[in-house]
Amino acid sequence: MSFFTTEVVPYGSGGNFDDKGLDYEDTYEDLDADEDAFNDDTFGGPAGADRDFDFAGATAKVANVINEEQAIFSRSNTRKRPTYQPVAAPKAPAISDSTQIPALVPDMSLWGATEPTPEPSYHESYYQMPSTAPGGKKVMTLEEVEAQMLMSQRAPVQSSQSQLQNHYQPLNQLHGAMNQSMTHQFHQQLPQHTPSPGPQFGSSPMDFRGIPAHQLPPHIQQMLQQQQQSQIPQYQQTNQDRNYPQQQLLQQQQQQRMQQRELEPAAPQHGRNQYGMAPHLPAQQLQSMTETDRMRFLEEESKRLKRNHKIAQLARYNGLMTPQDKNFIQRIQLQQLVSINNTEENPHEDFYYIVHSAIRARTNPQQPLSQLAQTYLFRQGGRGNRRQDNHLQRMEQQVARAVAAAKARPKQNQLVLEGSLGKISFSNVKTPRPMLNIQKSESVLEPVKKTSLADRKSLLRAIENVYDVLLELEIHERDRAKLPPLIEGQPPSELHEEWLATKEHLTNKLYAETKMQEPINTASPHTHPFIAILSFSKMKRAMPRLFRHFDTEKRVTILTMIVVHLDSLDVVKNGIYGPDETQLPSAHREDIEVFSTNILPPLMGYMYEAPMSIVVGLLTLALDRINIRMISMTKIGLQFLTMFLSRAELLKQSGQVQEDYVLEWQAQFDRLFDTLDGCWNNCFPPNGKFVDDQYVWQFLASMAVGASMLQQQKLVAAVKDRVLENVQASRILPPELGIQKRENVNLFMRAMGLDVDLLG
Amino acid sequence: MLFFSFFKTLVDHEVTIELKNDLCITGTLKSVDQFLNIKLDEIRVKDEQKYPHLAAVSNVFIRGSVVRYVHLPANAVDTALLEDATRREAANAAGVKAR
């Protein structure tokens, strides 16, 4: 058959190729028809339109069967052989000739009717299909196809014989297992059933597939049958026994797959046991056995079948992937592993996942890590079985070696073509899509050196710089775990010193990035850069993290810096209530909230350890430099003052403070009191009855504690109305809020040795 | 890499994925890869009446390129850390470019 012939047959002509007008053979003169002899092998040959649509399911089913049968045969081969002695033993060389691939032709009769009509040739039937010529096949509707399929499924068992013979024929034939005389006989039969095809079909002498076996003479039928039974397994056996070169093996795989497909429709019709396997002993032999023998045999058989079934179950998906497929997957996996390995060395990659997992593991150590984390992050871990452990270890070692090898020869990951605008980077695990990198010139890359920090953009840039160094420092801190443990009594190793030096360097760099070292210039119209960047909530949130890395000296400096600029802090400036405001704008409230949750705690943490000298110094500084009256109207301002006052009071009460400092403190306190005297009521937020004014009472309480009798009287006189107001409000408000109000006022009252209850 | 890194932390959390064909699938995130392909388990489709063919589907593999939105479980996202990770990513990208 020529693959390239494209005869067009007019309707109804029934394959009459004498029509000169439609014979295009002449136009293909330069195509040698002889060279098309193997097209069948290459392209699967002519096939009728299949009507079996369940490809995947049926193939899977048959894959099982094949495996099982192969297993059965390999086990029982020796026992079986004598039975088939009379049959001419199939010639081995024919089978080993595996370069010859049997034509992949699902026979129509297998699917269809039990009495297949002779199919004269592929071409003829193919071209007749669409025609409605009398006698020709009608195009079937889907319902009809389905009905036919259903019918064929219920087909009687006896039909399987002929079908089996039928589809094994090409196999036998191609393996050359049949002797010449037989082939000859076949050919003698041929003309009766096959309208002799025209020469242009390139019909090979072997092409007798279409003939149903039952139309062959009985002796050939028998031979075929016997050969089929002995030969197929034999063929498979040889596969196992011999060491074929790779090429041949591949072809065999192909062949086996084809066989599976061919076997498929016939298989379910074979007499089957519960495991879907054919008994390998013919029934006659079984009958000739004695009763006990038979019992024993059947028992053995069932055991064996069970075992085979198990094996078959396990081996179900064997051979689904070709070596190339496996190679491909392995390459991907290796790439992944290499990237994970890199990640471990470079925490900049996969930062979120690593840190997030670490945090989660820290906050909830009991929680079992997800499988991903186990394999990915914490690959060490208890495993049960020792033997399994060995296997795993071996595998891990193998993987480690492979990864090391892959890393040893780094892949070029970029390609710069001459004259191209950018680099082409190849895809890798991190960037699966290859992309074109446009290279910027160095001058553009280097940011313009900024001189002022006045504009918003440069302020934000400054904050980002802080964060960059901060992250670097934090990663460096984490690296400490990788250092070898310090041994008591021994000087720290070189690594430790190196680590400490880097830490020191980074800390200093971080400090410099906060702009703390910029000189304080009161004459400048701009606020100090540190205060300026602190007005962004981003920076406010970074403060607790920054504080962790700074030593006492730096903390004091930061605290001093903030105190000195207290009246220019955004939270203070925006914390003052307007004349008609009963509530601050929400954005400002949020800022204040962020400030008091992020900046005050670390400052207070430091403050409560500060010595008297610093407390006094700070208060003096505040009184000298800033507008106390103004800051006293804000929450943050009052909280700072409260902080100083309560620390000083604690130190005073501890009695460990030098007399000088106490006196100094008293002087500064009096100054503060005098500054604020007369405007105590301004400290309260408007409509203080219903908003949170706890901080005011705290401040007043801390003032009252340190105040003299006279000062206390002044204080009480000033806020008397407020106290009464609050006490009254506490009675109207819902219980929880009311109690809170009372407690707030009581803070102040108790500081002077009074109590709200005394008010009646 | 950031998104990959981020989504990995959401494994075993319930997410809702909106596809570019307006299909909206809620399910437990089982795995994600660097293409942001997504594997979901125990899925529910938002508008079941409209997509009856998905009623019997319990797990899906979604090709990353067809995802429009992923609704995240808010409590599983560490925003501060995410900010830092973004900075890292930017620093990395800058580093790669400078090289």
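The values are calculated or read from the model by the stated rules, or taken from the named source; none is laboratory data. In this text, all values refer to a predicted model and were calculated from it rather than measured experimentally. Virtual Cβ from ideal backbone geometry, glycine too; neighbours counted across all protein chains shown. Surface areas here come from the heavy atoms of the whole protein model, side chains and all, with no ligands, DNA or RNA. Shrake-Rupley method; radii C 1.70, N 1.55, O 1.52, S 1.80 Å.
Tabulated data for the structure shown
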{"item": "Count of region B:67-88 residues which are facing chain A (nearest Cβ under 7 Å) and part of a loop (DSSP other than H, G, I, E, B)", "result": "1"}
{"item": "Filtered residues of region A:568-596 (kept if in contact with a Gly (Cβ under 8 Å, 6 or more places away or on another chain) and either among the acidic types (Asp, Glu) or in a helix (DSSP H, G or I) (or both))", "result": "A:VAL572, A:HIS588, A:ILE592"}
{"item": "Residue tally, condition more than 15 Å from the chain's Cα centre (by Cα), of a type in the set (A, V, I, L, M) and in a loop (DSSP other than H, G, I, E, B), over region B:30-66", "result": "3"}
{"item": "Filter result (over 19 Å from A:LEU676 (Cα atoms) and in contact with a Leu (Cβ under 9 Å, 6 or more places away or on another chain)) within region A:706-728", "result": "A:LEU724, A:VAL727"}
{"item": "Residues satisfying the stated conditions in region A:669-684, i.e. part of a helix (DSSP H, G or I) and under 17 Å from A:VAL696 (Cα atoms)", "result": "A:LEU672, A:PHE673, A:THR675, A:LEU676, A:TRP680, A:ASN681, A:ASN682, A:CYS683"}
{"item": "A:ASN598 being away from every other protein chain (no Cβ under 14 Å), of a type in the set (S, T, N, Q) and within 26 Å of A:GLU464 (Cβ to Cβ)", "result": "no"}
{"item": "Qualifying residue in region B:21-29 (condition: away from chain A (no Cβ under 14 Å) and open to solvent by 50 Å² or more (accessible area, probe 1.4 Å))", "result": "yes"}
{"item": "Residue that is farthest from the other protein chains (Cβ to nearest Cβ), among those in region B:8-18 that are open to solvent by less than 20 Å² (accessible area, probe 1.4 Å) and not in a loop (DSSP other than H, G, I, E, B)", "result": "B:ILE17"}
{"item": "Boolean, A:SER702 is in contact with an Asp or Glu (Cβ under 9 Å, 6 or more places away or on another chain), open to solvent by less than 30 Å² (accessible area, probe 1.4 Å) and closer than 23 Å to A:GLN666 by Cβ", "result": "yes"}
{"item": "Condition check for A:MET749: touching an Asp or Glu at 6+ places or on another chain (Cβ under 7 Å) and hydrophobic (A, V, I, L, M, F, W, C)", "result": "yes"}
{"item": "Residue that is most open to solvent (accessible area, probe 1.4 Å), among those in region B:57-83 that are modelled with pLDDT of 90 or more and among the charged types (D, E, K, R)", "result": "B:ARG63"}
